[in-house]
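Following: one structure in structure tokens, then a few remarks.
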Amino acid sequence: MLKPKVEKILNEQIQKEGYSSFLYLSMASWSESKGMAGVAQWLYAQAEEEKMHMLKIIDFINERGGKAIIPAIDKTPEDWKDIFVLFDEVLAHEKYISESINDVVALTVKENDFATQNWVQWFVTEQIEEESSVQAIIDKLNLVGKNNLYVFDRDIMNLRTDV
Ligand code: FEO
């Protein structure tokens, strides 16, 4: 059985992963409307990943005898100044998610819930990969600069999105 505090923090994480999915959907739609098909493709795939993260937590809570709550999702932003600002926001958001995963780990330690602690390690590793893949995109973006966004868009189309 999950302890109530652990169940609560995991339910909060469902909300955060759901918000992440909708945030990236909104960013994907914005990118598509600006003609950046490659960026949109990457963000749509990222939105799917976040949905998968959410489902993973729902499944875990219910499997461990708790009750996963399907949350309302806050309205996401819908406009960004440019693609540089957008990817800075993606990175900042992923750092925020990493912090919240760390909070889950810390609570499982405090509550002596080593099963959940073990399970949540998958997310710890996933966050390291996500932060690093977004940082790599920002580096690339800075390298190509404002005048070569077409090249950047074609390039990102070929990036792996399952990391
Ligand atoms: Fe599920 Fe990108 O954090």
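The numbers here are math on the coordinates, done by the rules we state, and not lab data. What you see is a predicted model, and the numbers here were worked out from it, not measured in a lab. A quick note on method: Cβ atoms are made from the backbone with ideal geometry, for glycine too, and the neighbour counts reach across all protein chains shown.
How many residues, within the stretch 35-73, are in a helix (DSSP H, G or I) and more than 30 Å from I156 (Cα to Cα)? Spell out how you get there, then give the answer.
Restricting attention to the stretch 35-73, the residues satisfying the condition of being in a helix (DSSP H, G or I) are 37-63.
Still in the list and also more than 30 Å from I156 (Cα to Cα): 58-63.
Residues meeting the conditions: 6.
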Considering each residue of the stretch 45-62, count those that are aliphatic (A, V, I, L, M) and either free of Cβ contacts under 8 Å to residues at least 40 places away in the same chain or near the ligand (Cβ under 10 Å from one of its atoms) (or both), and give that number. 5
Count of residues meeting criterion [in contact (Cβ under 8 Å) with a residue 40 or more places away in the chain, crowded, with 17+ Cβ neighbours inside 10 Å, away from the ligand (no atom under 12 Å from the Cβ) and in a helix (DSSP H, G or I)] in the stretch 113-139: 3
Filter pass, I69 being within 16 Å of the ligand (Cβ to nearest atom) and either under 14 Å from the mean Cα position of the chain (by Cα) or in contact (Cβ under 8 Å) with a residue 24 or more places away in the chain (or both): no
Name the residue that is surrounded by the fewest Cβ atoms within 10 Å (Cβ to Cβ), counting only residues in the stretch 18-44 that are within 12 Å of the ligand (Cβ to nearest atom) and touching a residue at least 60 places away in the same chain (Cβ under 8 Å). L23
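Within the stretch 48-84, how many residues turn out to be farther than 30 Å from K3 by Cα and of a type outside the set (F, W, Y)? Can you show your working first?
Here is the first cut: in the stretch 48-84, the ones farther than 30 Å from K3 by Cα are 75-84.
Still in the running and of a type outside the set (F, W, Y): 75-79, 81-83.
Final tally of qualifying residues: 8.
Does at least one position in the stretch 144-159 carry a residue that is charged (D, E, K, R), part of a helix (DSSP H, G or I) and in contact with a Leu (Cβ under 9 Å, 6 or more places away or on another chain)?
No, the stretch 144-159 contains no residue that is charged (D, E, K, R), part of a helix (DSSP H, G or I) and in contact with a Leu (Cβ under 9 Å, 6 or more places away or on another chain).
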Please work out if L2 is surrounded by 15 or more Cβ atoms within 10 Å (Cβ to Cβ) and assigned to a loop (DSSP other than H, G, I, E, B). yes
